Amino acid sequence: MFTRILCLGVLAAICGCNNTTADTHESSVSELGDPSKTPAKSTEPDSPRSPSNRGIQKGGVAIVDLDDVLKQLQLKQAFEATVLQRREQSREQLSSLLIKLRDQYEAKKKAYGDQPSETQAKELQVIYDEINRTYAEARTKADAALAGFQANYIQDFRNKVAPLARRIALDRGLSIVITKNPTNILWFDPELDLTDQVVEALRDQRDR
């Protein structure tokens, strides 16, 4: 008799546990809400930022590599050859000047003999110092002239590129064009590089 009561008690406990579990499950389902009323999640995959739609926004920045433009148009070698030629001409002129100044000094020194007076020795020193000063000034002037030629060439080239780069950039919705400079730029989207388009525009302009 006791065994029967115990079995019935265990059975009741098991049934009660199952009912509790069912009630809990129903409660959980009701808390989640009716699946039919839940907004359907879009099955359309997120579109990746492909190169075709990726970077071109109004007000963006474009890049032009002027050095590469010169290379592609085969102007870089001609420019460097011209700079080298001018540097050699400057060196020859400075050498000729130095020889002329030294000859003047040696002529004056020879005229005073092997034992010039104190006054003559001071005069020779003044002439020597003047020779060094004249040569240094001539060399500085020559260096400045060569640097000026290079700067003017680059500026003239930039002036030719600027309107073309501006037109290409505006057509793509970009507002600023800067030159490529590894010192100032760590990374940029290649799609913002207008170098090839600028080269093509310069070729078309040259062939007209």
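The values are calculated or read from the model by the stated rules, or taken from the named source; none is laboratory data. All values reported here derive from a predicted model rather than from experimental measurement. Using ideal geometry, Cβ is built from the backbone for each residue, glycine included, and neighbour counts are taken over all protein chains shown.
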Out of (1) surrounded by 13 or more Cβ atoms within 10 Å (Cβ to Cβ); (2) not in a helix (DSSP H, G or I), what's the single condition that is false for PHE79?
-> (2)
Consider PHE157 carefully, then state whether it is aromatic (Phe, Trp, Tyr), touching a residue at least 40 places away in the same chain (Cβ under 8 Å), over 15 Å from ALA62 (Cβ atoms) and out of contact with any helix residue (DSSP H, G or I) (no Cβ under 6 Å at 6 or more places or on another chain).
-> yes
For the range 161-184, name all the residues that are of a type in the set (A, V, I, L, M) and over 15 Å from GLY60 (Cα atoms).
-> VAL161, ALA162, LEU164
Filtered residues of the range 179-196 (kept if of a type in the set (Asp, Glu) and either modelled with pLDDT under 90 or outside any helix (DSSP H, G or I) (or both)) = ASP189, ASP193
Any chance GLN125 is modelled with pLDDT under 95, farther than 30 Å from ARG86 by Cα and loosely packed, with under 15 Cβ neighbours inside 10 Å | no
Checked ARG102, ARG91, ARG86 against criteria (of a type outside the set (Val, Ile, Thr) and surrounded by 14 or more Cβ atoms within 10 Å (Cβ to Cβ)); the one match is ARG86
If only one of LEU170, LEU164 is assigned to a helix (DSSP H, G or I), free of Cβ contacts under 8 Å to residues at least 24 places away in the same chain and over 30 Å from LEU94 (Cα atoms), which one is it?
-> LEU170
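The rows are residues; the columns are (1) of a type in the set (Asp, Glu); (2) under 23 Å from the mean Cα position of the chain (by Cα).
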| residue | (1), (2) |
| --- | --- |
| ALA138 | no, no |
| ASP143 | yes, no |
| PHE149 | no, no |
| ALA162 | no, yes |
| ILE168 | no, yes |
| ILE178 | no, yes |
| ASP196 | yes, yes |
| ASP204 | yes, no |
| ASP207 | yes, no |
Does the range 186-199 include one or more residues that are surrounded by 12 or more Cβ atoms within 10 Å (Cβ to Cβ) and over 16 Å from LEU66 (Cβ atoms)?
-> yes
